[in-house]
Amino acid sequence: MKTVGVVFGGKSPEHKISIISAESIVANIDRDVYTPVLFPMDREGHLFRGDGGFEFLKIGKKESISPASFDELKKMDVVFPALHGPFGEDGTIQGLLEIMGVPYVGCGVESSALNMHKGLFRDVFAAKGISQPQYRYFPMVDRDASLNEIRDTMPLPLFVKPCRGGSSIGISRVEAMGKLQDAVETAFQFDDCVIVEEGIDITEELEVAVMGRPGQLKVAGPGQLIAGDAFYNYDDKYVNNRTHFQIPAEDLPLEIFTKIRNLAAVAFGITNCFGLARVDFLYNRNTGYLVLNEINTMPGFTDISMYPKLMMTTGMSFSGLVSALLELAFQRGR
Ligand SMILES: Nc1ncnc2c1ncn2[C@@H]1O[C@H](COP(=O)(O)OP(=O)(O)O)[C@@H](O)[C@H]1O
Ligand SMILES: [Mg+2]
């Protein structure tokens, strides 16, 4: 039997989603091969350990958990960092695990950090000739100069985002320049770097699941999501249940279907992903405009999340997927 340390919760605004992802992962770990060990992390970044990990983070119940040191992760055969967003999906915990020499699921340090940063990955993709919306990102010190330039040069509507966020937290769609400043202030509440992007008139949001290692990739999808609101915001994602998934996406021209899958695999390679990633696209079927919106290196992993659902279209079960990801963790660097 191998021990799998599942780390979840954490300092990210996506704390709650991480708990649900971890519950699905733990429920689907193959107990004939692996023994899960729960490592809940509270919102201050304190690590705990114990079977009561889910109740602890959800309702504050302190039975069956005890404070843990990060050293305890070292005793695990493999770690599944089921963390989304900053302090989890961004290379930080990956770096810690690298130092300790513990195998872990998913992308490595630089890939996680790069894909977390909506400005830096756009620079990389632009340099590689992959279509991007117009964008500009800036730290607080450059805010006023950047805003002036954006007002003069970028077309409405605009999307304003914290550079390193997730789950649409802190993101606004701006339809009048008079609202830009407020949107930027909101985004600065979540990060010290903000990105402003050209808003794309989209008819479809398409997402591709990629699993594996360079040269041995499994690609699933695209799936389509149909947002209930003006854009795919936090409430849509997790609260009001108004978003629909179509898995796989129907009625897409075969050419686009193939193009998106290929682009997803290329993007996975360019940013040095390993293990898993979900690659998201914005598409307008009337104009044919297609842009790669982002890569999520630890995509939502709940029972109803796009990534596992897409992978299941390839004939895998949820637990088969978890096992495959754990197996990949042992292959890193080989
Ligand atoms: N440039 C854009 N043009 C049009 N819609 C966008 C743009 N950027 C983001 N969106 C919308 O906002 C949602 C959240 O943005 P995204 O960049 O995916 O952030 P997150 O990392 O929080 O998921 C997208 O799913 C899409 O609906
Ligand atoms: Mg997104």
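Within the stretch 96-139, the set of residues being more than 16 Å from ligand 1 (Cβ to nearest atom), farther than 15 Å from A277 by Cβ, open to solvent by 50 Å² or more (accessible area, probe 1.4 Å) and without any contact (Cβ under 8 Å) to a residue 60 or more places away in the chain comprises L96, E98, I99, G101, A127, G129, P139. One residue stands out among those in the stretch 287-305 that are under 19 Å from I256 (Cα atoms) and within 15 Å of ligand 1 (Cβ to nearest atom): the one that is surrounded by the fewest Cβ atoms within 10 Å (Cβ to Cβ), which is T287. Taking (1) open to solvent by 20 Å² or more (accessible area, probe 1.4 Å); (2) free of Cβ contacts under 8 Å to residues at least 40 places away in the same chain; (3) within 11 Å of ligand 1 (Cβ to nearest atom) in turn, E185 satisfies each apart from (3). Looking at A249, A329, A277, A265, just one residue is open to solvent by less than 60 Å² (accessible area, probe 1.4 Å), small (G, A, S) and assigned to a loop (DSSP other than H, G, I, E, B), and that residue is A249.
Provide a single number: the residues in the stretch 30-46 that are open to solvent by less than 10 Å² (accessible area, probe 1.4 Å) and touching a helix residue (DSSP H, G or I) at 6+ places or on another chain (Cβ under 6 Å). Residues that pass the stated criteria total 1. Screening the stretch 252-262 for residues that are open to solvent by 10 Å² or more (accessible area, probe 1.4 Å) and part of a helix (DSSP H, G or I) and picking the one that is farthest from ligand 1 (Cβ to nearest atom) gives L254. Taking the criterion of being under 17 Å from G119 (Cβ atoms) and more than 16 Å from ligand 1 (Cβ to nearest atom), the residues of the stretch 141-177 that qualify are V141, D142, R143, A145, S146, L147, E149. Comparison of R173, R164 shows that the only residue that is open to solvent by 30 Å² or more (accessible area, probe 1.4 Å) and touching a Cys at 6+ places or on another chain (Cβ under 9 Å) is R164.
The values are calculated or read from the model by the stated rules, or taken from the named source; none is laboratory data. These numbers come from a predicted model, not from an experiment. Quick reminder, even Gly has a Cβ in these numbers, built from the backbone with ideal geometry, and neighbours come from all protein chains shown. Keep in mind that these areas ignore ligands, DNA and RNA; they rest on the heavy atoms of the full protein, side chains included. Shrake-Rupley method; radii C 1.70, N 1.55, O 1.52, S 1.80 Å.
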